[in-house]
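The values are calculated or read from the model by the stated rules, or taken from the named source; none is laboratory data. Only a predicted model underlies this, so the values are computations on that prediction, with no experimental measurement involved. Here the Cβ is made from the backbone with ideal geometry for all residues, glycine too, and neighbour counts use every protein chain on show. Keep in mind that these areas ignore ligands, DNA and RNA; they rest on the heavy atoms of the full protein, side chains included. Shrake-Rupley method; radii C 1.70, N 1.55, O 1.52, S 1.80 Å.
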Amino acid sequence: MYLNHSLTSMCVYLLWQPILSSSYTNLPVPSHRTIQQDLVACSSSSSQSSSSSSIVGSKQWIGAVELQMVLQHRYCIESRILHVPSGADVSSKARDIYKHFKSEGTPVMIGGGHLAYGLLGIDWNVTEKKSKYLILDPHYTGSDDNVSKILKNGWCGWKDASDVFKADNFYNFLLPQRPRVI
C-alpha cells in the first residue's frame, strides 16, 4: 500500500503506484529520476510548465499539473484537473468528484499547499450536503504490512474536508481518465 521511502518531501511521486495500477497500463512505475526526465521532456515541448533540467536528481516538489503532463507523455493517459481555489470550497465540488469515481473509478491525486494526497473514494450524501473523503496519505514511512497501524493512525481513512483541506490553500485534483478503447 505504501512505499517506504526516505524522500517524504516527494509525496507526489509516492502516489504513482495507486494511480498507475488502476489506469489500465502494464508499464512499470518509473523511477523518480525517470519521472523528472519525462517532466523536462514534456516542458520543452509544452508551454504549461517551465521545468528545467535542474529538476533531474533534485527533491523539488511537483504537483498535479506536472503529474498530468507526465501521465500523458509516458503512458498516454488522459486526465483533467479540477481546480479548487480554497480548501473551504472542496465540499462544493463533491458532485464533480463523485461523478469522477462513478464514471472513471481511478484514484485522484490532490496537490495543494506543500502537500499531496491520494483520494481513493468519496462518501457523498446529496440530501444532507455532507461528504467524506477516503484519503491516502503518502507521507507514511513505516512497514507496509502493518495495516492496523496505518488505519489507526489515519494514514489511510475517511476524513471530513475540514480535516484535510485548509481554507488558505488552493487545491488541484488530478482526475485520471480511463482509456475509451482498450
In the stretch 96-116, is there at least one residue being more than 19 Å from the chain's Cα centre (by Cα) and either at pLDDT below 90 or closer than 19 Å to G63 by Cβ (or both)?
-> no
How many residues are of a type outside the set (F, W, Y) and touching a Ser or Thr at 6+ places or on another chain (Cβ under 7 Å) if we restrict to the stretch 59-77?
-> 7
Output for the stretch 129-182, where each listed residue is open to solvent by 20 Å² or more (accessible area, probe 1.4 Å) and in a strand (DSSP E or B) = K130, K132, L134, W158, K159, D160, N172
Total residues in the stretch 129-157, condition in contact (Cβ under 8 Å) with a residue 60 or more places away in the chain and among the small types (G, A, S) | 2
Residue satisfying all of: in the stretch 104-128; free of Cβ contacts under 8 Å to residues at least 24 places away in the same chain and either farther than 15 Å from G157 by Cβ or of a type in the set (A, V, I, L, M) (or both); surrounded by the fewest Cβ atoms within 10 Å (Cβ to Cβ) among these | T127
Selection from the stretch 61-75 of residues free of Cβ contacts under 8 Å to residues at least 60 places away in the same chain and closer than 18 Å to H114 by Cα yields W61, I62, E66
